[in-house]
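Every number in this text was worked out from the coordinates using simple rules, so none of it is lab data. Computed from a predicted model, the values in this text were never measured in an experiment. Every residue, glycine as well, gets a Cβ built from its backbone with ideal geometry; the counts of neighbours run over all protein chains shown.
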Amino acid sequence: MVWDSIKEYLRGLVDFRDEIDTNDAVARIKKNIWFRGPNVWILAFAIVLASVGLNVNSTAVIIGAMLVSPLMGPIVGIGLSLGIYDVQLLKDALKNLAVMIVISLAASALFFLLSPLDLVNPTELEARTSPSIYDVMIALFGGLAGILETSRKERGTVLSGVAIATALMPPLCTAGCGLANGNWHYFFGALYLFFINGVFIILATYAMVKYLRFTPVETYERNRKRTTVMTLLLILFIIPSIISAGSMVRENNFRRSVDTFISANRSFAGSYIYDHKIEGQQVTVYTAGDALSEGEKVLLRASAEAFGINQDNLIIKESSFGARNAALLQDELKKIREQDIQDIQLRDEMISRMEEEIELLKAALQASRDSTATKE
């Protein structure tokens, strides 16, 4: 009896069918797929806002842009149309998705053409050019949360979080940047990330529509071919993502091994490793101090091998100052380390300010929702 009670409690805890209104969800999704009038301008403004955030490496600005963006409408509409076999809805959603992509690329490309700022280290842009299996997971579970929230009778703030998590806007802005500057690595890498996000949001929507038993417009038999095509497209998208994820994990592990090796051999036989560079699986270390003998170089390469770095891939470049100038070198390196500490403190302060800006954005958004709810 205890076990039956526990099962009954758990069933009631996770069951949400009584809180779902599928007819209202269909009406809302159909309404949100259209891009005309205010939606076009909101999208263009949000794209420019996100482009500014990417251009200046401001996470807070990018998040703010994603909160006001209407990008998910047509993508969720495609998933719904496949789930309920609505051919006309599928055509409308695909057409509006194409309009959305064109507007987004045009607005972001125009911004980056006019922007005078060209960062040496555009980390926010570069982060959107290398998709992986983790992007698939974000899009899939974000899409599940999104369609479930849309189907609820009483809606909360989940959609805002989904808009941020699935990050549909930054990849389009990055693609626009690549288009404006002729950087095809940015353009194709970012577009691939956008389509990965889109495809798996569609898949999540389709799966949830089936689970919640939305009323179909046509029968499955008339749409068998369309379902097969969708399955093949999903496979084509996920395989490169898995390969990319494996490559990313290997690269991360290699960089960790290199950092450990450098830390263990920072001071070596009267010499000092003051910098290093990684290119693929090849590591170049720059040393200063006493010149290394051939025997010492053999020992350094053997140490690299112990940390998983192939001896043939370790290149040693020396700047020999001799023992007499070692003290001066150490003083210079001390100054460099002190500057690094200051830079880290400055970065932490910037991160703290960004977090405060995010909290202010969340508060403003909640206040806007409360005001809207009061008026209703």
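What order do you get for 47-59, 343-355 when each peptide is scored by the mean count of other beta carbon atoms within 10 Å, highest first?
Sorting 47-59, 343-355 by mean packing, highest first, produces 47-59, 343-355.
Measure up LYS95/LYS225; LYS297/LYS334; LYS7/LYS31 against 28 Å on the Cα-Cα distance and list the ones that go over.
LYS7/LYS31
With θ set to phi - 60° and the Karplus curve 6.51 cos²θ - 1.76 cosθ + 1.60, what are the ³J(HN,Hα) couplings of the range 341-347 in order, to the nearest whole Hz, using x for Gly and Pro?
Those phi angles translate into 4, 5, 5, 5, 4, 5, 5 Hz.
Quick one: if you stick a label point 7 Å off each Cα along the C-beta vector at ASP21 and ALA363, how many nm between them?
With each label placed 7 Å out from Cα toward Cβ, I get 3.3 nm.
By how many nm would the segment from TRP3 to TYR274 lengthen if fully extended, with 0.36 nm per residue of separation less the alpha-carbon distance?
91.2 nm
Among THR174, THR260, what is the fewest-to-most ranking by other Cβ atoms within 10 Å?
Starting with the residue having the fewest Cβ neighbours, the order is THR260, THR174.
Sorted from fewest to most neighbouring beta carbons within 10 Å, what does the list ARG255, ARG152 look like?
Fewest to most other Cβ atoms nearby, the residues stand as ARG255, ARG152.
Return LEU90, LEU299, LEU232 ranked ascending by Cβ neighbour count within 10 Å, so the fewest neighbours appear first. Write down the numbers at each step before the final one.
Working: LEU90 19, LEU299 15, LEU232 10.
Taking fewest neighbouring Cβ atoms as first place, the list is LEU232, LEU299, LEU90.
In the range 283-304, which residues have a backbone nitrogen under 19 Å from the label point lying 7 Å from SER257's Cα in the Cα-to-Cβ direction?
Once the point is set 7 Å along Cα→Cβ of SER257, 283-286, 298-304 turn out to lie under 19 Å by backbone N, inside the range 283-304.
Any idea how far apart VAL56 and GLU356 come out in nm if each label point goes 7 Å out from Cα toward Cβ?
1.6
Can you pull the one-decimal nm distance between simple spin-label points at VAL87 and GLN345, each 7 Å off the Cα toward Cβ?
According to this spin-label approximation, the distance is 6.9 nm.
Please report, to one decimal in angstroms, the Kirkwood hydrodynamic radius of the range 255-355 built from all distinct Cα-Cα pairs. Don't skip to the answer; put the middle values down first.
Details: mean 1/r = 0.0668 Å⁻¹.
It works out to 15.0 Å.
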